[in-house]
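These notes concern the structure reproduced below.
The values are calculated or read from the model by the stated rules, or taken from the named source; none is laboratory data. Worth saying up front: this structure is predicted, and the values here are computed from it rather than measured. Heads up, the Cβs are rebuilt from the backbone with ideal geometry, glycines too, and the neighbour counts pull from every protein chain shown.
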2 protein chains.
Amino acid sequence: MMGLLDYFKTNKSSSASIAKERLQILVAHERSVRGQPSYLPQLQKELLEVIRKYIDVDQDAITVNFEQDEDRETLELNIVVPDNPTKHT
Amino acid sequence: MMGLLDYFKTNKSSSASIAKERLQILVAHERSVRGQPSYLPQLQKELLEVIRKYIDVDQDAITVNFEQDEDRETLELNIVVPDNPTKHT
């Protein structure tokens, strides 16, 4: 079975040409008991707070994708880190 | 191109039979500038602190995988959430 890290590797070429700094976070929650309230939306807020300690990102630079089905929820955060301004001078 | 959420979906069957509650977190950091110090190991600690607010997990229940190559780092956290004890009585 392909591991998740292999997935990241096989999808490398598409982004290498752009050479933007990016941070991608994925959270998958498999639930054994249905009907529990989800904590992922709240978790998402806290994760972003943690990330903001390390990188300076606008809300605009963050794409969020949240999906939910019977027994699994997934949260995907894609963050494009602003270019270092000194690189353009 | 297969999206990351599709990846989670296609790998669903393997875990459905076990029906454990699991939380998986992936962080991929593509760096535009090489040689910067990595903040992922520190970020990992903080992410786990946030997660512990929501679920009660032992250090044993957490598998961490950190990989680094030229322009990408990936951090994978796999957490098996302990069964609710009331389920076994």
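Observations on the model:
- If you go through the range B:41-69 and keep only what is part of a strand (DSSP E or B) and under 13 Å from B:His29 (Cβ atoms), you end up with B:Phe66, B:Glu67, B:Gln68.
- Condition check for B:Gln36: closer than 21 Å to A:Gln42 by Cβ and not aliphatic (A, V, I, L, M): no
- Scanning the range B:53-68 turns up at least one residue that is closer than 21 Å to A:Pro37 by Cβ, facing another protein chain (nearest Cβ under 10 Å) and of a type in the set (A, V, I, L, M, F, W, C).
- Residue within the range B:23-40 that is part of a helix (DSSP H, G or I) and modelled with pLDDT under 75 present: no
- Filtering the range A:42-61 to residues that are farther than 21 Å from B:Glu76 by Cβ and surrounded by 13 or more Cβ atoms within 10 Å (Cβ to Cβ) leaves A:Gln42, A:Val57, A:Ala61.
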